[in-house]
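Shown next, in structure tokens, is the structure this report addresses.
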Amino acid sequence: MISKIKYLFTFVFFAISGYCYAQQQAFKSVNNEEFQKAIENKEFVIIDVRTPQEFASGHIPNAININLSSPNFEKEIKKIAKDKKIALYCRSGRRSKTAMTRLTHWGYSGIELNEGFVNWNGKIVR
């Protein structure tokens with residue numbers, strides 16, 4: 001009986017550990033250079049999680065705006081196929097990290113611009 005309990009405990013421990021590790025690996029925070037290199041290959045759906053006003057003032061080419069503060073955020077994100085890689089950014093990196101956590105929970109993976117749009121040194125659409 002005790003060996004069955006040990007076996008069950010060990011199984012549950014490794015199952016939870018594996019799940020947590022997979023969740024952590026779903027998104028990666030990257031710098032400007034890594035972000036730019038990644039989005040050049042067109043495999044990524046680029047998502048700007050800032051407000052529509054911020055987006056209109058300038059954004060990364062080919063980005064779509066899905067406002068993290070919108071009540072429709074989850075609904076809009078879930079229109080994107082989960083097999084697509086996601087590239088997230090916001091003004092400073094704070095909102096994109098929040099969005100990254102949510103998207104990871106919903107089964108998405110990709111990258112997040114760690115330094116934010118304020119430090120972006122690539123092309124900008126105005």
Within the range 103-125, restricting attention to residues that are among the β-branched types (Val, Ile, Thr) and farther than 20 Å from Ile77 by Cα, which residue is surrounded by the fewest Cβ atoms within 10 Å (Cβ to Cβ)? Val118
Any idea how many residues of the range 56-87 are closer than 15 Å to Gly122 by Cα and crowded, with 19+ Cβ neighbours inside 10 Å? 4
Could you tell me whether any residue of the range 118-125 is closer than 17 Å to Lys37 by Cβ, of a type in the set (Lys, Arg) and either modelled with pLDDT of 95 or more or not in a helix (DSSP H, G or I) (or both)? yes
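The values are calculated or read from the model by the stated rules, or taken from the named source; none is laboratory data. Remember, it's a predicted structure, so these values are computed and weren't measured experimentally. Every residue, glycine as well, gets a Cβ built from its backbone with ideal geometry; the counts of neighbours run over all protein chains shown.
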